[in-house]
Amino acid sequence: MDYFNYYLSHYYGLYILIAYLILINLYALVITARDKINAKRHRHRIPEEHLIIVAAIGGAPLMYLTMIAIRHKTKKPVFMIGIPVLFFLELLVAFLLLHFVFHVF
């Protein structure tokens, strides 16, 4: 097996993980912005539980940055404390996966 095929097969799971994180963070951005737009227009809102679940399954980084950028949910402690805590935990899990599973460093 040549080097390229070995590299591709060895890090295939890592590519899937990166693609997942990109997609879940983009989804977090969209639903946070949509909730802000709906709030301004007095329309149906996205439940807070849904926002928190999306943050917990990997969308915390871009959700937090979006919340700060558009000033949405910035007065609610569950979001201003909870989302950064989830982000830190996601970074910790990512580091552990990279180190122990994928042996990147």
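Here, each number is a calculation from the coordinates, and none is a lab measurement. A quick note: this is a predicted structure, and the numbers were derived from the prediction, not measured. Positions of Cβ are generated from backbone atoms using ideal geometry, with glycine treated the same way; all protein chains shown enter the neighbour counts.
Per-structure values
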quantity: Estimated FRET transfer efficiency when R0 is 35 angstrom, pair Ile81-Asn5 (beta carbons, to 0.05); calculated: 0.15
quantity: Unit charges on C-beta of K, R, D, E only; dipole of the range 14-68, Debye; calculated: 340 debye
quantity: Tilt relative to the chain, helix 12-40 - C-alpha long axis, 0 to 90 degrees, to 10; calculated: 10 degrees
quantity: Distance (nanometres) between label positions extended 7 Å along Cα→Cβ at Leu98 and Leu23; calculated: 2.2 nm
quantity: Residue order, fewest to most beta carbons within 10 Å, for Val78, Val30; calculated: Val78, Val30
quantity: Dipole-positive endmost among Phe79, Pro61, Val101 within the range 31-105 (Cβ charges, Cα centre); calculated: Phe79
quantity: Fluctuation leader among Ile16, Ile46, Ile83 - the chain, Gaussian network, Cα springs under 10 angstrom; calculated: Ile16
quantity: Neighbour-count order for Leu62, Leu98, fewest beta carbons within 10 angstrom listed first; calculated: Leu98, Leu62
quantity: Dipole in debye (nearest 20) - the chain, about Cα centre, beta carbon charges: Lys, Arg +1; Asp, Glu -1; calculated: 880 debye
